[in-house]
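The values are calculated or read from the model by the stated rules, or taken from the named source; none is laboratory data. Keep in mind that this is a model prediction, so the values were computed, not measured. Don't worry about glycine lacking a Cβ; one is built from the backbone with ideal geometry, like all the others, and counts go over all protein chains shown.
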Amino acid sequence: MSEYEQVRGGKLVLKGEKNKSKKRKHKSRHVNSAPKVDGDCLAHGNWWKVTKIEEITGPVAIEFGKHTYVKALDSGLFTLGAPHDEGEGPSPEEVLTAVLIDDRKVAFKSGYGKYLRVEKNGVVTGRSDAIGAMEQWEPVFENGKMALQSYSDCFMSVDDEDDAVVARSRKASSDQMLHIRSQTVKDVNPLKDVPAEEQGALAQVEINYVKKFQKFQDKRLRICSEDKSELKKAKEEGTFHETLLDRRSKMKADRYCK
């Protein structure tokens, strides 16, 4: 039969008829095969634009406009650095260290080892040795745009007249819009903090725990046949592991069951 399969033709086509069955080319196979390229990241020397506060940590640069970054001066003041060429990242004096304080606030430390704050006259300085209330900044994201709000509720911007970085406006207009760029490698695994046993659907999670804690020697799985909807409810209520243990105890399949 294998030899027959090799020589067998397709559908019989009579003389004068056209074979309408043509092989379709599946273009979709190659659509997603190519890796996605972040053109904006490449244009900024592999410094990518953060979109949420959790990403603001480690070496960062604050960008106003295009390819111009906040630059630290040895006087403790800040200014806007010279524009960079396409594909070039920020200079060393334009790199800050971001410290994530909580889910709303961050702090920034300059290359001189001092934290950024706002003085009474609204000028941003980097002269603090520690993080206090005045050294905390709140990133505000809205409609793909971003601004940095200081403890005084004023937003960071650049004063063209004084050539200094300030925080004087309580409204975030176009002058207060900025980007924070990072070179820290993104963690693409959303399950990195989830135990291996709890990765997958609820039914699979239950099987994983049965395999982990089974006490019998025949290695045959004994899964509770009761409705699994209680697992979903238990997960929402925070009693997931207790419910799993109860279900295993009914099957006498857990070495911790009495």
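The residues of the range 85-109 that are closer than 25 Å to residue 40 by Cβ and among the small types (Gly, Ala, Ser), listed by number, are 87, 89, 91, 98.
Restricting attention to the range 52-88, the residues that are surrounded by 12 or more Cβ atoms within 10 Å (Cβ to Cβ), closer than 24 Å to residue 113 by Cα and of a type in the set (D, E, K, R) add up to 3. Take the conditions (1) on the phi > 0 side of the Ramachandran plot; (2) in contact (Cβ under 8 Å) with a residue 12 or more places away in the chain; residue 143 misses just one of them, which is (2). Considering the range 87-127 alone, what residues qualify as being of a type in the set (D, E, K, R), touching a helix residue (DSSP H, G or I) at 6+ places or on another chain (Cβ under 8 Å) and touching a residue at least 40 places away in the same chain (Cβ under 8 Å)? Of everything in the range 87-127, those that are of a type in the set (D, E, K, R), touching a helix residue (DSSP H, G or I) at 6+ places or on another chain (Cβ under 8 Å) and touching a residue at least 40 places away in the same chain (Cβ under 8 Å) turn out to be 103, 104.
Within the range 118-145, restricting attention to residues that are surrounded by 17 or more Cβ atoms within 10 Å (Cβ to Cβ) and β-branched (Val, Ile, Thr), the residue that is nearest to residue 99 (Cα to Cα) is 131. Scanning the range 37-60 for residues that are closer than 18 Å to residue 144 by Cα and either assigned to a strand (DSSP E or B) or of a type in the set (A, V, I, L, M) (or both) gives 48, 49, 50, 53, 56.
Filtering the range 146-203 down to residues that are modelled with pLDDT under 85 and part of a helix (DSSP H, G or I), which residue is nearest to residue 96 (Cα to Cα)?
That would be 196.
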